[in-house]
1. Take the stretch 37-46 and flag every residue that is acidic (Asp, Glu) and out of contact with any strand residue (DSSP E or B) (no Cβ under 9 Å at 6 or more places or on another chain).
2. Please list, ordered by first then second residue, the pairs with beta carbon atoms under 8 Å, 6 or more apart or interchain, first in the stretch 1-24 and of a type in the set (Lys, Arg), second in a strand (DSSP E or B) and surrounded by 18 or more Cβ atoms within 10 Å (Cβ to Cβ).
3. Residues of the stretch 12-36 being in a strand (DSSP E or B), more than 12 Å from Thr77 (Cα to Cα) and open to solvent by 20 Å² or more (accessible area, probe 1.4 Å), which ones?
4. Could you figure out which of (1) in contact with a Cys (Cβ under 7 Å, 6 or more places away or on another chain); (2) at pLDDT below 95 isn't true of Gly54?
5. Residues of the stretch 72-92 being open to solvent by less than 40 Å² (accessible area, probe 1.4 Å), in a strand (DSSP E or B) and under 13 Å from Met33 (Cβ atoms), which ones?
6. Being among the small types (Gly, Ala, Ser) and outside any loop (DSSP other than H, G, I, E, B) is the filter; apply it to the stretch 93-112 and report the residue that is nearest to Ser16 (Cα to Cα).
7. In the stretch 37-71, how many residues are open to solvent by 20 Å² or more (accessible area, probe 1.4 Å), within 11 Å of the chain's Cα centre (by Cα) and basic (Lys, Arg)?
Amino acid sequence: VQLQASGGGLVQAGGSLKLSCAAYGRSFSSYTMAWFRQAPGKEREFVAAIMYDGRSTNYADSVKGRFTISKDNAKSTVGLQMNSLKPEDTAVYSCAGRYNNWISLNPRQYDYWGQGTQVTVSN
């Protein structure tokens with residue numbers, strides 16, 4: 001499957017953005033999907049993930065209550081609604097997928113990656 005992320009941009013602290021990741025290929029409904037982010041000089045970190053059937057989600061503590069991940073198998077998309085954004089949320093956000101498997105917080109467990117989209121939150 002090929003993944004293409006979009007929706008990043010510049011927003012003021014306290015604002016909202018919605019990221020979207022479009023998947024191209026077969027069997028999207030069998031992919032567990034996740035969002036990761038990487039800030040300059042830092043390691044890639046887990047943000048959120050959703051099981052292939054959409055019945056289970058997992059969030060990093062830093063975004064819990066502010067971000068919501070969603071998956072639309074009919075449209076082959078996964079979204080990340082980001083509210084109450086903070087400057088520390090500034091990073092390149094990438095979507096990732098793993099086939100027919102549980103949620104993992106480890107980026108090495110994901111086989112497919114989108115190109116990343118920049119999110120910048122200003123004070």
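The values are calculated or read from the model by the stated rules, or taken from the named source; none is laboratory data. Computed from a predicted structure; not experimentally measured. We place every Cβ from the backbone using ideal geometry, glycine too, and count neighbours over all the protein chains shown. Just so you know, the surface numbers come from the protein's heavy atoms only, side chains and all, with ligands and any DNA or RNA stripped out. Shrake-Rupley method; radii C 1.70, N 1.55, O 1.52, S 1.80 Å.
1. Applying the first criterion (acidic (Asp, Glu)) to the stretch 37-46 yields 43, 45.
Across the stretch 37-46, the qualifying residue is only Glu43.
2. Once the first residue is of a type in the set (Lys, Arg) and sits in the stretch 1-24, its partners that are in a strand (DSSP E or B) and surrounded by 18 or more Cβ atoms within 10 Å (Cβ to Cβ) give Lys18/Gly79; Lys18/Leu80; Lys18/Met82.
3. Of the stretch 12-36, the ones in a strand (DSSP E or B) are 12, 17-24, 31-36.
With the extra rule that they be more than 12 Å from Thr77 (Cα to Cα), the set shrinks to 12, 17-18, 35-36.
Answer for the stretch 12-36, where residues must be in a strand (DSSP E or B), more than 12 Å from Thr77 (Cα to Cα) and open to solvent by 20 Å² or more (accessible area, probe 1.4 Å): Gln12, Leu17, Lys18.
4. The failed condition is (1).
5. As a first pass, look at the stretch 72-92 and keep what is open to solvent by less than 40 Å² (accessible area, probe 1.4 Å): 76-80, 82, 85, 89-91.
From what's left, in a strand (DSSP E or B): 77-80, 82, 91.
Correct list: Thr77, Val78, Gly79, Leu80.
6. If we filter the stretch 93-112 for residues that are among the small types (Gly, Ala, Ser), which is where we start, we get 94, 96-97, 104.
Imposing the further condition that a residue be outside any loop (DSSP other than H, G, I, E, B) reduces the set to 94, 96-97.
Working: Ser94: 17, Ala96: 22, Gly97: 24 Å.
Ranking the qualifying residues of the stretch 93-112, first place goes to Ser94.
7. Looking only at that region, the number is 1.
Residue-wise test of (1) under 16 Å from Ile103 (Cα atoms); (2) at pLDDT below 95; (3) in contact with a strand residue (DSSP E or B) (Cβ under 6 Å, 6 or more places away or on another chain).
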site	(1), (2), (3)
Ser20	no, no, yes
Trp35	yes, no, yes
Ala48	yes, no, yes
Tyr59	yes, no, yes
Gly65	no, no, no
